[in-house]
Amino acid sequence: MFTVEQKLEHLQKLGFKGNLNEIAKCYRGEEFNLEDANYQKLLKVSKQLCAEFTQLSAYLSNPWLRKDAEERKAEILDALFPGHGMIFGGGDGLTAVIGMVDIGNMVYLNARNHYCANALVTLNDYVFVATNVTFGQDFPIKGRVKAVPTTVGANTWLCSDIAVAAGSQIGAKSVLGLGSVVTPASVIRDETLAFGAPCQSYKAITPDYVGKKLDKPFAWTEDEIKFLLHHARTLGVKDDLHDYVRLLNGEDYNCLAPGVGALHNLAHHLCSEYNDHATNDTRRELILDMLFPIHGKNLTIGKDLYCDIVGATRMGKNVKIGDHATLAGNIDLGNNVTLGDNVTLQSIGHRVYWQDRLLGYTADQQPREINTSRAIKIKHGVTLRRGTKVKPGVTVSRDTAVDELIIK
């Protein structure tokens, strides 16, 4: 992680000239002038880099363009996060201000991570940040303000759809549950499971921690699994798919197995292409067939789709999905199901005890991290209204309220 002086040198290498005193004050957490010309340039350049980062992902499914796109995306991460350690993931929809986020080693960033201007964020080693996580908020247009230090301790996992207010402190080796709202008043101790709005520590996480056993709302048939394996092969996946079958069967699986990794990467690249405004409707329909090979007629999906892995979502007829959907893991949508904007269905996750999330290796020295696979079922005719979030192992048989969290 860089010092303030090193960050200013970094800006100079990016072409910033003249007086950088107001940016230095911002980086130090001191009061500074929002209308400073170089600070305004900092916001503008950061926005351009973030937009380019997402746009480049549309080229990753093209073998002729993939290498250049990957190299440029790595350069953008270097520009946004000077002095960072090893970053995994780096999903689409990233927003950040250059120099405002310090990143340790082996940190995972998923899609739609937003690091807003009023938070000086520190992500320590082995922090996992899931989809749709926001730190802080944007400043007003004018005036003198301060950015506030906001820290996530090492070996912590932030689940999807979490809002972290500037000034919050999150303990090490902790897990924050789906949809949590973290405030500076939140007490999130080391090695605890925390959730809620406001988020607070709930119980200790010990080496023998065992979570509540979840039911499996639906199962793939043997013929469906054979079809999904064949589909993966037609998409060019040549690796062993035994761990993919474990995922489909609701078993623990190695998310770093090459076959699973290939299907994760393919899903992310296809979503990036789907979300690109330059992609035509015919190509979008083909992408949906690749992402969701088992679906009925009249499937419609809005913009900014995030699907975590190819094939694991089964859909009936007349399914309508709004903008900014998140579909992760085993999901079954019945006939005439409607998902509003910003709906999250999250049915897979990491291990709760922190040491079980660390990168390991199989007997033949292949990377290994064991994930937990569950399933979500949305019954026929159900409408999930805007902002609904559904946890793993849940069957939803009624319409939801706006921004409702469904946990059972």
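Observations on the structure shown:
- Boolean, Asp252 is in contact (Cβ under 8 Å) with a residue 60 or more places away in the chain, assigned by TED's automatic domain parsing to the domain that holds Lys389 and loosely packed, with under 15 Cβ neighbours inside 10 Å: yes
- Yes/no for Leu120 being buried (at least 24 other Cβ atoms within 10 Å of the Cβ), closer than 21 Å to Phe16 by Cβ and at pLDDT 95 or above: yes
- Qualifying residue in segment 3-12 (condition: among the polar types (S, T, N, Q), at pLDDT below 95 and out of contact with any strand residue (DSSP E or B) (no Cβ under 7 Å at 6 or more places or on another chain)): no
- Selection status of His269, surrounded by fewer than 22 Cβ atoms within 10 Å (Cβ to Cβ), closer than 24 Å to Tyr108 by Cβ, within 23 Å of the chain's Cα centre (by Cα) and not basic (Lys, Arg): yes
- Of all residue pairs spaced 6 or more apart or on separate chains, those with beta-carbon atoms under 6 Å, a first member in segment 264-287 that is assigned by TED's automatic domain parsing to the domain that holds Ala232 and a second member that is aromatic (Phe, Trp, Tyr) are Cys271/Tyr306; Arg284/Tyr274; Ile287/Tyr274.
- One residue alone among Ala204, Ala194, Ala172 is closer than 29 Å to Cys26 by Cα and either in the same structural domain as His324 (by TED's automatic domain parsing) or not hydroxyl-bearing (Ser, Thr, Tyr) (or both), and that residue is Ala172.
- Exactly one residue out of Lys67, Lys41, Lys47 is farther than 26 Å from Asn155 by Cβ, among the basic types (Lys, Arg) and touching a strand residue (DSSP E or B) at 6+ places or on another chain (Cβ under 9 Å): that is Lys47.
- Residue match in segment 208-215 (condition: among the β-branched types (Val, Ile, Thr) and either under 18 Å from Phe292 (Cβ atoms) or touching a residue at least 12 places away in the same chain (Cβ under 8 Å) (or both)): no
- Subset of segment 286-305 (residues that are part of a helix (DSSP H, G or I) and either surrounded by 15 or more Cβ atoms within 10 Å (Cβ to Cβ) or hydrophobic (A, V, I, L, M, F, W, C) (or both)): Leu286, Ile287, Leu288, Met290, Leu291
- Residue match in segment 227-240 (condition: closer than 30 Å to Val310 by Cβ, outside the structural domain of Leu345 (by TED's automatic domain parsing) and either modelled with pLDDT of 95 or more or among the acidic types (Asp, Glu) (or both)): no
- Scanning segment 325-338 for residues that are in a loop (DSSP other than H, G, I, E, B), surrounded by 21 or more Cβ atoms within 10 Å (Cβ to Cβ) and touching a residue at least 40 places away in the same chain (Cβ under 8 Å) yields Gly329, Gly334, Val337.
- Some residue of segment 65-72 being within 23 Å of Cys271 (Cα to Cα), buried (at least 17 other Cβ atoms within 10 Å of the Cβ) and at pLDDT below 95: yes
- Residues of segment 146-177 satisfying the condition of being surrounded by fewer than 22 Cβ atoms within 10 Å (Cβ to Cβ), within 17 Å of the chain's Cα centre (by Cα) and among the aliphatic types (A, V, I, L, M): Ala163
- Looking only at segment 15-37, and only at residues there that are touching a residue at least 24 places away in the same chain (Cβ under 8 Å) and surrounded by 15 or more Cβ atoms within 10 Å (Cβ to Cβ), the one that is farthest from Pro149 (Cα to Cα): Phe16
- Within segment 339-372, considering residues that are among the β-branched types (Val, Ile, Thr) and crowded, with 19+ Cβ neighbours inside 10 Å, the one nearest to Asp399 (Cα to Cα): Val343
- Residue check for Asp364: over 22 Å from Lys216 (Cα atoms), without any contact (Cβ under 8 Å) to a residue 12 or more places away in the chain and assigned to a loop (DSSP other than H, G, I, E, B): yes
- Considering the conditions (1) in contact with an Asp or Glu (Cβ under 8 Å, 6 or more places away or on another chain); (2) of a type in the set (A, V, I, L, M); (3) at pLDDT 95 or above, Leu80 is excluded by exactly one of them, (1).
- From the options Tyr274, Tyr244, Tyr253, residue that is of a type outside the set (Gly, Ala, Ser) and over 24 Å from Val394 (Cα atoms): Tyr274
- Residue ranges of helices (runs of 4 or more DSSP H) in segment 179-285 with at least 1 members closer than 21 Å to Cys159 by Cα: 242-248, 258-275
- Tally, over segment 382-408, of residues that are of a type in the set (A, V, I, L, M, F, W, C), buried (at least 18 other Cβ atoms within 10 Å of the Cβ) and part of a loop (DSSP other than H, G, I, E, B): 1
The values are calculated or read from the model by the stated rules, or taken from the named source; none is laboratory data. Given the structure is predicted, the values throughout are model-derived calculations rather than measurements. We place every Cβ from the backbone using ideal geometry, glycine too, and count neighbours over all the protein chains shown.
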